[in-house]
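Chemist: This is the structure I have questions about; it appears just below.
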Amino acid sequence: MQKYIEKVEAVRLPVIVLRGIIPFPSVPMSFELTDEKAMSACEDAENGDGLIFIVSQNDLREEEPTAETLFRVGCAAKIKQTVRLPEGSLKVFATAYCRASVEEYVFENRRLYASLLCKTVTTD
């Protein structure tokens with residue numbers, strides 16, 4: 001019989017808010033960023049270890065999402081590649097690696113960060 005091992009780790013990652021897209025672990029995804037804050041968060045992650053937190057909004061009509069209008073569960077993801085498009089937007093290719101629960105959203109230097117608990121499940 002297989003054993004399932006659940007590992008939980010605490011991390012702090014830059015947040016990228018997506019509208020109408022729900023990330024799932026182990027699923028590669030691509031999305032386009034046009035917001036300066038999101039592009040800045042992506043560049044911040046690339047300068048570090050390439051990890052970001054992808055989360056969706058509660059209300060898609062909200063132009064400027066706040067910590068209160070974001071879901072509390074999303075995915076930690078690894079950026080595989082970014083491409084700067086001619087019109088100034090940024091195309092991002094990433095793979096989510098674990099589901100993550102937000103402990104706290106923090107605004108720092110005009111960027112949004114999340115303190116997370118990442119949950120990964122493996123089989124033995």
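Chemist: Sort through R61, R99, R72 and tell me the only one that's open to solvent by 80 Å² or more (accessible area, probe 1.4 Å) and over 18 Å from K119 (Cα atoms). So that I can check it myself, show each step before the final result.
Modeler: Working: R99 fails: over 18 Å from K119 (Cα atoms); R72 fails: over 18 Å from K119 (Cα atoms).
Checking each option against the conditions leaves just R61.
Chemist: Taking the condition of being surrounded by fewer than 17 Cβ atoms within 10 Å (Cβ to Cβ) and part of a strand (DSSP E or B), how many residues in segment 85-96 meet it?
Modeler: To start, the set of residues in segment 85-96 that are surrounded by fewer than 17 Cβ atoms within 10 Å (Cβ to Cβ) comprises 85-89, 91, 93, 95.
Going one step further and asking which of them are part of a strand (DSSP E or B), we end up with 91, 93, 95.
So the answer is 3.
Chemist: Quick one: S40 ticks every box in (1) hydroxyl-bearing (S, T, Y); (2) open to solvent by 60 Å² or more (accessible area, probe 1.4 Å); (3) in contact with a strand residue (DSSP E or B) (Cβ under 7 Å, 6 or more places away or on another chain) except a single one, so which number is it?
Modeler: (2)
Chemist: Name the pairs: first residue in segment 62-84 and over 13 Å from S30 (Cα atoms) and in a helix (DSSP H, G or I), second residue charged (D, E, K, R) and open to solvent by 20 Å² or more (accessible area, probe 1.4 Å), Cβ to Cβ under 6 Å, at least 6 apart or on different chains?
Modeler: Close Cβ pairs satisfying both conditions: T69/D59; T69/E62.
Chemist: Would you check if T66 is at pLDDT below 90 and either open to solvent by less than 90 Å² (accessible area, probe 1.4 Å) or in contact with a His (Cβ under 8 Å, 6 or more places away or on another chain) (or both)? Give the steps one after another, and end with the answer.
Modeler: Numbers: at pLDDT below 90: yes; either open to solvent by less than 90 Å² (accessible area, probe 1.4 Å) or in contact with a His (Cβ under 8 Å, 6 or more places away or on another chain) (or both): yes.
So T66 passes the test.
The values are calculated or read from the model by the stated rules, or taken from the named source; none is laboratory data. Just so you know, these numbers come straight off a predicted model, no measurement behind them. Positions of Cβ are backbone-derived with ideal geometry, glycine not excepted, and every protein chain shown enters the neighbour counts. Surface areas here come from the heavy atoms of the whole protein model, side chains and all, with no ligands, DNA or RNA. Shrake-Rupley method; radii C 1.70, N 1.55, O 1.52, S 1.80 Å.
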